[in-house]
Amino acid sequence: MRNVDRGPAAALEIVVPAHNEAERLPAGLAELCGRLRGLPVPAEIIVVDNASTDGTADIVRAWRDLGPVRLVRCETLGKGAAVRAGLLATRAPYAGFVDADMATDLTALDRVLALLAEGRPVVVGSRRHALSDVEDHGRPLRRLGAVAFNRMVRDLAGDLPDTQCGFKFFAGPLVRAAAADLRTTGFAFDVELLMHCIRRGAAVTDIPVVWHDRPGSTFSVGRHSAACLMDLARIRLRAGRRPATAPAAARSLEPAVAAGPSQAGRG
Ligand SMILES: Nc1nc2c(ncn2[C@@H]2O[C@H](COP(=O)(O)OP(=O)(O)O)[C@@H](O)[C@H]2O)c(=O)[nH]1
Ligand SMILES: [Mg+2]
């Protein structure tokens, strides 16, 4: 099969973890490829097929003629395991990950790139940023759970109000080192990944996002909450007594910049 001409080496690699995403992935890849074409630097996508049993891998193979997409297979189930495999396969100066449903509006990529180029080592989307525009159709239990979860992990994740947004970007060498240390395979992996970055002295910059409530979420409060709490307990045990936060401010506040055209703030 012919691959598209990849041109110059990618400055940014974006990991998309995908577990049985045959339905959502085509639209997601189309959106992401379209957005990458508008970026000021060459960028590539790495889809991590996370032990899928549907046509996820075939979709990615067919896509290689249409855009700069690589396929990595990860047999260990869990978003954390998939993101880790993808990040460890990156080589670019900047790397990050987004969810297959592209729920976070990709217009934020311009801001991400500008901040990374300025030398900010960790730039993450936050749905709880005062300037974020979050469309969330009544899932009060999940929202409440998210608030409680984020309070519990404040000391580990640099006081970030939203650790779970699937839109995080990093300096490449930093995140490859942090990913190598990552042990959490499930949904709580973001907390451990941020902790490993902060322990290396990196500040976290959170930015506003426009977030769309996309159907087909694979996270279930009922099925995944207990596992997340167990994972948190393990992260704490392994973290030991050392404070997780870097000596300097672990969270670096971004100046007030709007997330996009609509600015109905929800924090
Ligand atoms: N549930 C689940 N999702 C996974 C797994 N591995 C990778 N993923 C991916 O992790 C992302 C989770 O995003 P999503 O399903 O939209 O969950 P959300 O957090 O509710 O928006 C998707 O891209 C999934 O395909 C896994 O083992 N289980
Ligand atoms: Mg989603």
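The values are calculated or read from the model by the stated rules, or taken from the named source; none is laboratory data. Since this is a predicted model, take the numbers as computed values, not measurements. When we count neighbours, we look across all protein chains shown, and the Cβ atoms used for this are built from the backbone with ideal geometry, even at glycine. With ligands, DNA and RNA removed, areas are computed over all heavy atoms of the protein, side chains included. Shrake-Rupley method; radii C 1.70, N 1.55, O 1.52, S 1.80 Å.
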Dipole check, segment 12-253, charges on Cβ (K,R +1; D,E -1), about Cα centroid: among Ala157, Gly216, Leu66 the Cα furthest to the positive pole belongs to Ala157
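How much space per residue, in cubic angstrom, does the convex hull of the C-alpha atoms of the chain take up? Intermediate results must be reported in sequence, preceding the final value.
On the way: hull volume 31.4 nm³, N = 267.
Cα-based convex hull of the chain, divided per residue, equals 118 Å³.
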Along segment 95-106, Karplus-curve 3J(HN,Hα) (6.51, -1.76, 1.60; θ = phi - 60°) to the nearest Hz, with x for Gly and Pro, reads 8, x, 8, 9, 6, 4, 8, 6, 5, 8, 4, 6
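What is the percent carbon and sulfur in the accessible area of the chain, measuring with a 1.4 Å probe over the protein chains and ignoring ligands?
Details: 6690 of 11720 Å².
Here carbon and sulfur together make up 57 percent of the probe-accessible area.
With Kirkwood's inverse mean 1/r over C-alpha pairs for Rh, give me the Rg to Rh ratio of segment 144-194, two decimals please. Could the numbers behind the result be given before it?
Working: Rg = 11.2 Å, Rh = 11.6 Å.
Rg/Rh: 0.97.
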Quick shape check on segment 30-91: root eigenvalues a ≥ b ≥ c of the Cα gyration tensor, a/c under 1.5 is rounded, otherwise prolate if a/b tops b/c, else oblate, and it reads oblate
Over segment 35-75, with neighbouring protein chains present, the accessible area per residue in Å² at probe 1.4 Å is 44 Å²
Taking R0 as 35 Å and r as the Cβ-Cβ distance between Ser220 and Leu39, the FRET efficiency 1/(1 + (r/R0)^6), rounded to the nearest 0.05, comes to 0.55
